[in-house]
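In what follows, a single structure is set out as structure tokens and then discussed.
What follows is calculated from the coordinates using simple rules that are stated; it is not laboratory data. What you see is a predicted model; the values in this text were computed from it and never measured. Reconstructed Cβ throughout: ideal geometry from the backbone, glycine too, with neighbour counts over all protein chains shown.
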């Protein structure tokens, strides 16, 4: 077994037969019964993920909003208390430090949820740019995070609390919900393309909440789900993964994060000038969806050719369990990034035909 950090639920994963791998410095289950079964359970019923490797950084004080606004591409000034938004932190050149979710917890208090592999880097970046009266605390070790995702997630969670969780709107949270007798923050967010909830609880209580959710979901077909299904689900939903679709070398504009997430007119923030220049000159690279026409899987890093010339590379790719196709995302030179364009993906020295298609590949039916 590779060395790595363990979440508070590590022993639970072993007991459930989880296949453990190292991911971003953490030891996490890639699957239990199988990626395909877990993926389908989330699309049709529900899945429970341990995402306790994610980091939580709290900013509190009179100048907390000023700091958040300087750090992120989105506009936190429009947030109401208990509302959340998605955005990116950028370097001055427009490259991405990390992508994250920001919650407004109180008038002068913001919770930043960051990627597990980037916790220390992000914390240092925030501290380096800290100004005014604001306290920055890395609370990651104190919290566990569980993601309950899928169409049955509401019914499963509701059995464990008296709080009417259906009243929590998408990208909002309720910070004081008793779940299975444990005080939790519950948000209506996720990374799967399905409806669902992310539940933050004290690290020492994580096992109790995990067990209670699995028990509550037995009748609904809930299964524990690992990193493998999390990746195929987010890929179908066209959601970026840091280190693949976003990185210090890939800006949010290149990754297709538009005005909804990159507010160039909100005022100064780190990287704004570089992003404005990128927009004005025209983004030279664009993230696209690709669908394989020949039989083959487009894996991260595979070259993409047009008329024999390399025009970009695959960022993520996998067989799509929901759509029964081999799909991927790719960063291409902008002039080739048109829907319907046929390209070739180099898979093990073979040139296989693919087509540029719209993202997201999958969207759930909203009833």
Notebook entry, point to check: Volume per residue, Å³, of the convex hull around the alpha-carbon atoms of the range 163-217?
Noted result: 89
Notebook entry, point to check: Per the helix-only calculation at 222 nm, which mean residue ellipticity applies to the chain, given -39500 (n - 2.57) for every DSSP H run of n ≥ 4 and division by its residues, nearest 500 deg cm²/dmol?
Noted result: -5500 deg cm²/dmol
Next item on the list: Rounded, prolate or oblate: pick one for the range 262-367, where a ≥ b ≥ c are the square roots of the eigenvalues of its C-alpha gyration tensor, a/c under 1.5 means rounded, and failing that, prolate if a/b is larger than b/c, else oblate.
Entry: oblate
Checklist line | Residue exposure sequence - 22, 187 - by fewest surrounding Cβ within 10 Å | finding: 22, 187
Check: Ranked by Cβ crowding within 10 angstrom, fewest neighbours first, how are 136, 42, 113, 366 ordered?
Finding: 366, 136, 113, 42
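If we count other beta carbons within 10 Å of each Cβ, what is the order of 101, 223, fewest first?
With the sparsest Cβ surroundings first, the list reads 101, 223.
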Item checked: the range 239-263 versus the range 323-367: alpha-carbon centroid distance in Å -> 17
Check: What's the FRET efficiency of residue 15 with residue 158 using the Cβ-Cβ distance as r and R₀ = 22 Å, to the nearest 0.05?
Finding: 0.25
Margin query: Quick check: from the Cα gyration tensor, does the range 133-174 come out rounded (a/c under 1.5), prolate or oblate?
Written below: prolate
Next item on the list: Report the full-extension gain for the segment residue 266 to residue 135: residue separation times 0.36 nm, less the Cα-Cα distance, to one decimal in nm.
Entry: 44.8 nm
Check: When the chain is fully extended, how far beyond the present Cα-Cα distance does residue 277 get from residue 208, taking 0.36 nm per residue of separation?
Finding: 19.8 nm
Notebook entry, point to check: At what distance in angstrom do the alpha carbon centres of the range 200-229 and the range 1-69 lie from each other?
Noted result: 11
Margin query: Taking a ≥ b ≥ c as the square roots of the Cα gyration tensor eigenvalues, with a/c under 1.5 meaning rounded and otherwise prolate when a/b beats b/c, else oblate, which class fits the chain?
Written below: oblate
